[in-house]
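Each remark here refers to the structure printed beneath this line.
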Amino acid sequence: MHYGRGREQVWDQRSGRCFVNKFSAPQIRLTTTGCVAMVSFLGPLFVGQPIHAAGGPFTAQQAEDGHTKYNSHCAQCHRPNLQGGTGPALTGDAFKGKWAGKPVADLRTYNQTKMPPNAPGTLPDDQIDPITAYILSKNGVPPGDTPLGEDTASAQIPK
Ligand code: HEC
């Protein structure tokens, strides 16, 4: 499943040839089957980024971990179901309307520098990353292979 996107990119639409040819001796010509087989094998090495981009910039385990941390630090105001209480809802149309299309980094930075309002900036990365992952997962963003962290936070929150 994961490799579907990689294959599309690797298969050169215009020439109808496997791009692997471009890196091989010119006399080698791969058939479609050969290309797919080769890419299935080498794909993860070549197209790591597109594969990861297919899922969210966080792992399922991170979101699960974030659930507990969210309950400890955020649920008192945003409620355990994220529907909002003292603080606004962190899921649903209004929330998505505000954050979708923005970099994950914006949400991560907001959480870290503004929340909780009575002690902003107190939660370290190992709390903020899982909590942000949990909030994304509760907004329908699917988990991927790469844990959320500074280097993946440029990914966009899907619309
Ligand atoms: C003491 C109550 C309280 C706690 C605890 C708290 N928040 Fe908030 N949160 C608020 C309030 C109030 C706002 C609205 C702030 C504003 O509009 O300026 C808010 C706003 C937000 C927003 C922006 C929502 C939007 O509509 O854009 C996010 C995201 C958020 N909080 C995340 C968190 C996270 C993550 C935690 C835990 C680390 C947390 N909050 C803990 C009260 C709280």
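Since every read-out is calculated from the coordinates, none of them should be taken as a lab result. These numbers were taken from a predicted model, which means no experiment stands behind them. With ideal geometry, Cβ positions are generated from the backbone for all residues, glycine too; neighbour counts draw on all protein chains shown.
Sorted fewest first by neighbouring Cβ atoms within 10 angstrom, 108, 79 come out as 79, 108. Here the dipole of the stretch 60-152 is about 500 debye; that uses its Cα centre as origin and unit charges on the Cβ of Lys and Arg (positive) and Asp and Glu (negative).
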